[in-house]
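These notes concern the structure reproduced below.
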Amino acid sequence: MRKNKLWLWLFILLLLSGCAKPKTLEQIGMVTTKGYDIGNDGIIKGTMVVLMIDPSAQQKTGVMTAKALTARGIRIKGDLFSSKKLLSGQLRVVLFSEALGRHGIKPFTDTLVRDPSISDLTYLAIVEGETEEMLRINNKQIPDVGQHIFKLIDHNVKWSIVPSSTLHETLHGNYSVGIDPVLPILKKSDNEVKVSGLALLKDNKMVGKVSETKSYYLKTIRSPIKSGEFEIPISGHSLSLDNNHLAHKQLAVTLDTVFSKAKIKLINQKKLEFDLKLKINARLQEINTDVNLRKPKTVQLLEKEIANQMKKDIEQLIAYCQSVDSDPIGLGEEYRSSVRHSKLTREKWHKMFPDAKVNVKVDFTLVKTGLVE
């Protein structure tokens, strides 16, 4: 009896294996990066970077472009240009042109999340200009543009000033109440690719952008930072500067953050007022003028000037976010968790957010000032 059951299971397995379509590596083209642009006629143009798994191929990657009415249609038409079956199991980055970002990315994120082969850790980003132009970049130092862009975003997320923007995190921000997602902005400059800032989103649409300097503050507020270098210009300071100060008269310091902690607290429910306290410890990497850092009073004054400048920058950042009605900081989440039975919705919060008052306080400490000590 047991032998009969065993033979029955083996027969079923053989039938199932016979039904599956075999896909050898030589017949597959792995799509690692996708870029979407929108034309004046509303037609979507999609560009794909495809990894060629073929030992005899001279190039490891290929770039192809197709036009269609939908993202899925682009993949289907892409097969007409390819001798291999295009699969998205190795997709790492999806790019949207700024024009498409302002038009709305919801149809594309919905399509991505419906495909079980696509990881929810895939990075999303906005491109200044056309994504096709960026993905067809001609630079001998960048043999695989898709892998280069993935490493560029991943590096800046882990070690620098860019908040993480995976498919999962973007969808969470799009549908959660009290916080809006952000996406890094990439720019092609001098035949290279760089991060130029952050795109602010509201209801799946890009509504504004902030510089890379402001994005540091946004990342610091959203999550603790243990490492990250950034340059901060200081205006209106009271430091005593050397006569050989640079001609542009702009004092600036470069810092390396070693610790950061942000705390948001709702202090007035009716008038909608918050306290935002930010504590940052950092090493002084460079200062562009001769300041005597051997004197404790000078160091204390420098700390005060940096804290004041950070406070001004954060206040400007919040004011700009309110002007475009996008809350990437998460004030709405604090309101929702602090007010019982608030029944807060996205629509209700976006009506309240522009009128919120935020009291910013920065506690900044220089833990090291360099070898001059």
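Looking at the range 201-221, which of the residues that are outside any helix (DSSP H, G or I) and not hydrophobic (A, V, I, L, M, F, W, C) is most open to solvent (accessible area, probe 1.4 Å)?
Of everything passing the filter in the range 201-221, Lys205 is most open to solvent (accessible area, probe 1.4 Å).
Using beta carbons and a limit of 6 Å, which pairs, at least six apart or on different chains, have the first residue in the range 285-296 and closer than 18 Å to Thr365 by Cβ and open to solvent by less than 90 Å² (accessible area, probe 1.4 Å) and the second one modelled with pLDDT under 80 and hydrophobic (A, V, I, L, M, F, W, C)?
Leu293/Val372
Considering only residues that are modelled with pLDDT of 90 or more and not in a strand (DSSP E or B), which ones fall in the range 180-200?
Selection gives Asp180, Pro181.
Looking only at residues that are modelled with pLDDT under 90 and of a type in the set (Lys, Arg) in the range 53-107, which one is nearest to Leu152 (Cα to Cα)?
Lys60
If a residue must be touching a Leu at 6+ places or on another chain (Cβ under 9 Å) and either without any contact (Cβ under 8 Å) to a residue 12 or more places away in the chain or assigned to a helix (DSSP H, G or I) (or both), how many such residues does the range 111-129 contain? Give the steps one after another, and end with the answer.
Within the range 111-129, the subset touching a Leu at 6+ places or on another chain (Cβ under 9 Å) is 112-113, 115, 117-128.
Those still in the list that are either without any contact (Cβ under 8 Å) to a residue 12 or more places away in the chain or assigned to a helix (DSSP H, G or I) (or both) too: 112-113.
Total satisfying the criteria: 2.
For the range 61-110, give me the residue count where each residue is of a type outside the set (D, E, K, R), open to solvent by 10 Å² or more (accessible area, probe 1.4 Å) and part of a helix (DSSP H, G or I).
9
I'd like the full set of residues that are part of a strand (DSSP E or B), of a type in the set (Gly, Ala, Ser) and under 15 Å from Tyr217 (Cβ atoms), limited to the range 248-307.
The answer is Ser260, Ala262, Ala282.
Output the residues belonging to the range 320-373 that are more than 16 Å from Leu200 (Cβ to Cβ) and basic (Lys, Arg).
Within the range 320-373, Arg336, Arg340, Lys343, Lys348, Lys351, Lys357, Lys361, Lys368 qualify.
Just to be sure I understand the filter: pairs with C-beta atoms under 6 Å, separated by 6 or more residues or on different chains, first member in the range 160-173 and under 21 Å from Ser211 (Cα atoms), second member surrounded by 23 or more Cβ atoms within 10 Å (Cβ to Cβ) and among the acidic types (Asp, Glu). Which pairs pass?
Partner pairs satisfying both residue conditions: Gly173/Asp180.
Looking at the range 178-200 only, could you name the residues that are farther than 23 Å from Thr345 by Cα and open to solvent by 10 Å² or more (accessible area, probe 1.4 Å)?
Lys187, Lys188, Ser189, Asp190, Asn191, Glu192, Val193, Lys194, Val195, Ser196 - these are the residues of the range 178-200 that are farther than 23 Å from Thr345 by Cα and open to solvent by 10 Å² or more (accessible area, probe 1.4 Å).
The values are calculated or read from the model by the stated rules, or taken from the named source; none is laboratory data. Please read these numbers as outputs of a predicted model, since none were measured by experiment. Using ideal geometry, Cβ is built from the backbone for each residue, glycine included, and neighbour counts are taken over all protein chains shown. Keep in mind that these areas ignore ligands, DNA and RNA; they rest on the heavy atoms of the full protein, side chains included. Shrake-Rupley method; radii C 1.70, N 1.55, O 1.52, S 1.80 Å.
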